[in-house]
1. Can we say Ala78 is away from the ligand (no atom under 16 Å from the Cβ), among the small types (Gly, Ala, Ser) and modelled with pLDDT of 95 or more?
2. For residues that are among the hydroxyl-bearing types (Ser, Thr, Tyr) and surrounded by 20 or more Cβ atoms within 10 Å (Cβ to Cβ), scanning just the range 68-126, find the one that is farthest from Val166 (Cα to Cα).
3. Considering Ala62, Ala50, Ala121, which residue is part of a helix (DSSP H, G or I), in contact with a Gly (Cβ under 8 Å, 6 or more places away or on another chain) and under 23 Å from Leu26 (Cα atoms)?
4. When residues of the range 48-71 are filtered for being touching a Ser or Thr at 6+ places or on another chain (Cβ under 8 Å) and touching a residue at least 60 places away in the same chain (Cβ under 8 Å), how many remain?
5. Looking only at the range 17-47, which residues are in contact (Cβ under 8 Å) with a residue 12 or more places away in the chain, more than 24 Å from Tyr202 (Cβ to Cβ) and either part of a helix (DSSP H, G or I) or within 14 Å of the chain's Cα centre (by Cα) (or both)?
6. Quick one: which helices (runs of 4 or more DSSP H) sit completely within the range 183-300 and have at least 2 residues that are at positive phi?
7. Write out, first by first residue and then by second, each pair whose Cβ atoms fall under 7 Å of each other, whose residues are 6+ apart or on separate chains, and whose first residue, in the range 207-225, is within 22 Å of Pro184 (Cα to Cα) while the second is of a type in the set (D, E, K, R) and within 7 Å of the ligand (Cβ to nearest atom).
Amino acid sequence: MKPAMIVHGGAGPWPDAEDSARGQALVDALHTGWRILEAGGTALEAVEKATNILEDFPLFDAGIGSFLNQMGEVEMDALIVDGAALDFGAVAGVKHVRYPISLARRIMTDTPHCFLAGSGADLLARQLGFPVMSNLFFVTEAEFHRFHEKQHAAPRPQGTGTVGAVALDTRGNLAAATSTGGVPDKMPGRVGDSPVFGAGGYADNRYGAASATGVGENILRVLLSKYAVDAIAGGMNARAAAAASIDHINSRFQDSQAGLIVVDRDGQVGAAHSTLKISIAWMDADGQPRVSMQGGVGVR
Ligand code: GLY
């Protein structure tokens, strides 16, 4: 079976001057995942390793570059979903793990649990020998300045840099990954959609897989990623399912500020958004990388 892959770096407004750097990071992530898929590796491995690249890229709100909470700290959430087993691993509120998505995968594979939060998750990372950093490691200069100037600054647009990846491997397995620093100025302890199974991501080999981005408080209420995969189960392809999911969230919230990427079991890819922009990269039918900052629902 021919593999398929699409990645995102968030939905929302951001300066056009950043488009090129964001696009290049997405292509780097896509190539990382694609090499794994082309070599016969699993969709799970591809989405994890692609997401690691995005977690390291400082313009995205995940890993390094995460938004700061009201205390000036980074708290990160991540979810990985294995569509073969309908299984997932998730972390919430981690402060020290270099690659939250990789810890989420190990929770799925190496523990009896699905979801660990806060200090327990950070402790497991240490026990597993993960790179464990000081919280300041994740704070970029730009986010540091934004935090200190927020009294005088205009309100920050929300949901502009969660990252995610969705893939289909040569054996027909689907996987999804989503990683985020949440929303800017969030209350300490706030958790959004990203680590929640069915909201921030979902995958089921029988139908498709999805990863969401945008304002978690809206996405959680409609379980956006599950909605997309249910739409595929109902007969839609990835493109139509992405559009239907955004229509659905828009029907419930005036300003839904959401986006998602989707792959169906036939290897079609789709993306849709209700924000000004969504940053995505995908492999087209000829195996060539394509990038868009405007999304659109038909990307293959
Ligand atoms: N979608 C990211 C968040 O709301 O935390």
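The values are calculated or read from the model by the stated rules, or taken from the named source; none is laboratory data. The shown structure was predicted, so the numbers you read here are calculated from the model rather than taken from an experiment. All Cβ positions, even for glycine, are placed from backbone atoms using ideal geometry, and neighbour counts span all protein chains on display.
1. Criteria not met by Ala78.
2. Tyr99
3. Details: Ala62 fails: part of a helix (DSSP H, G or I); Ala121 fails: under 23 Å from Leu26 (Cα atoms).
Result: Ala50 is the single residue among Ala62, Ala50, Ala121 that is part of a helix (DSSP H, G or I), in contact with a Gly (Cβ under 8 Å, 6 or more places away or on another chain) and under 23 Å from Leu26 (Cα atoms).
4. Residues in the range 48-71 being touching a Ser or Thr at 6+ places or on another chain (Cβ under 8 Å) and touching a residue at least 60 places away in the same chain (Cβ under 8 Å): 13 in total.
5. Within the range 17-47, Glu18, Asp19, Ala21, Arg22, Gly23, Ala25, Val27, Asp28, His31, Glu38 qualify.
6. Because the criterion is at least 2 residues that are at positive phi, no helices (runs of 4 or more DSSP H) in the range 183-300 meet it.
7. Short answer, once both residue conditions are applied: Ala212/Asp193; Gly216/Asp193; Ile219/Asp193; Leu220/Asp193.
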